[in-house]
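Laboratory data are not the source of any read-out in this text; all were calculated from the coordinates shown. Because the structure is a prediction, the values reported are computed rather than measured. In this analysis, Cβ positions are derived from the backbone assuming ideal geometry, glycine residues included, and neighbour counts consider all displayed protein chains.
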Amino acid sequence: MVPRLGLREFVCSLLKILRGRPRVPPSLEGNTLLATILDRRSVRSFGNRAIPDDVFAAILEAGRLAPSTVNLQTWSFAVFSAGEWQATFSRPVPFSAARAVIVMGDTHRDKTVLDVFPASPLVEYTVAVMNASLAAMNMNLAAEALGVASVMLSETGRSGFLDAAYLCRALRLPPGVIPLMTIVFGYPRGARPPMPPRLPLEQVAFGAQYCEPDPVAMHDWLAQMIAGYRASHLTSTFEAQLRLYRSKIGQAERDLQMLVFGNGSGAPPGTIQPPGDGPSGSD
Ligand SMILES: Cc1cc2nc3c(=O)[nH]c(=O)nc-3n(C[C@H](O)[C@H](O)[C@H](O)COP(=O)(O)O)c2cc1C
């Protein structure tokens, strides 16, 4: 249950969001890489300007060169122009962005020469997710450094959440290749949004002993999340958004169970049901 905010708490929470700034020691203010990391924002509004091929190639190169467990590089990228996305999924790239990359955890490719994690699907999956997420972040930051904005998405815009089994069929992925997120890229339209509320460092960093969350700090953060969502979505609320996610999570959970662990009937992990709703299927 999401708490309801009174008017005073709503306004105070919005002010806190607007005052939120990265904390940069004055001695490091001129560091451009740090500024790129700290000023990065998820952008959901893009102009028409195309991303030049060399710029997009550099973004992909940043993904390719990300660090990974034992240098296994357990990722794959499905790369799309706006036209290619439209042809594949019969809908525009989310937020009308110029390019898109679907980032996948890939436990299939290395197995053609080396089985590093025999009979340990959870370890294998966790490693693949970790590594692919780092590649995604590398691409996101490289884009930012080149003036290209982006947002990572848990889905493809098809209306699902994760869309894992759907994407396995649409992209004809072999078992062991698991779609994780879509990153859409473009030049931003208009001003960047304010920084969504971050938990204070004291809430997320601790020494040798875990610190239980401070109830006041946690409530403060949740109030900012609720107020910020309300202020930026005229027709929806944070609670409604959570309800929407919850309505889709069951299918996502079933898809992932199947992709990571198999269906218990002897079929290998990653074996999915026969095509029922490929790229041109109904939503
Ligand atoms: C793995 C991942 C999935 C995300 N999925 C979505 C999404 O489906 N839709 C969306 O609008 N934003 C999505 N986001 C963006 C987050 O909402 C955003 O990162 C967060 O609110 C913090 O804002 P910032 O990136 O501007 O700092 C996702 C981010 C990550 C890392």
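Spin-label model, Ala57 to Val113: label points 7 Å out along the Cα-to-beta-carbon direction sit 2.4 nm apart.
Mind checking the angle between helix 53-64 and the chain's longest principal axis? C-alpha axes, 0 to 90 degrees, to the nearest 10. Taking Cα atoms only, the helix is inclined about 80 degrees. Rounded, prolate or oblate: which one fits region 40-195, using the alpha carbon gyration tensor with axes a ≥ b ≥ c (rounded when a/c is under 1.5, else prolate when a/b beats b/c, else oblate)? Verdict is prolate for region 40-195.
Potential lengthening of the chain between Arg189 and Glu202 amounts to 1.2 nm, from the contour at 0.36 nm per residue minus the alpha-carbon distance.
Residues of region 195-217 falling in the label zone of Glu29, defined by backbone nitrogen less than 20 Å from a point 7 Å along Cα to beta-carbon, are 195. For the chain, a Gaussian network of Cα nodes joined below 10 Å ranks Ser150, Ser13, Ser232 by mean-square fluctuation, and the top entry is Ser232.
Using θ = phi - 60° in the Karplus curve 6.51 cos²θ - 1.76 cosθ + 1.60, the 3J(HN,Hα) couplings for region 22-29 round to x, 9, 10, x, x, 5, 10, 4 Hz; x is entered for Gly and Pro. Computed packing ranks the peptides 3-9, 124-130, 179-185 as 179-185, 124-130, 3-9, most packed first, by mean other Cβ atoms within 10 Å. Based on every Cα atom in the chain, Rg and the maximum pairwise Cα distance Dmax equal 20.5, 62 Å. Which of the three applies to region 117-232, rounded, prolate or oblate, going by the alpha-carbon gyration tensor with a ≥ b ≥ c and a/c under 1.5 meaning rounded? Verdict is oblate for region 117-232. Between Val11 and Tyr210, residue separation times 0.36 nm minus the direct Cα-Cα distance comes to 68.4 nm. With a simple spin-label model that places each label point 7 Å from the Cα along the Cα-to-Cβ direction, the separation between Leu256 and Leu242 comes to 1.8 nm. Apply the a/c threshold of 1.5 to the C-alpha gyration tensor of region 144-195 and tell me whether it is rounded, prolate or oblate. Judged from the Cα gyration tensor, region 144-195 comes out prolate (a/c at least 1.5, a/b above b/c). Based on alpha-carbon atoms, the Kirkwood radius and the radius of gyration of region 58-149 give Rg/Rh equal to 1.04. Taking each DSSP H run with n ≥ 4 as -39500 (n - 2.57) and averaging over every residue of the chain yields -13500 deg cm²/dmol at 222 nm.
Electrostatic bookkeeping for Ala191 treats Lys and Arg as +1 and Asp and Glu as -1; over the other residues with beta carbon under 13 Å from its beta carbon, the sum is +3.
Taking the chain as a Gaussian network of alpha-carbon nodes connected by springs under 10 Å, the highest mean-square fluctuation of the residues Phe95, Phe117, Phe56 belongs to Phe117.
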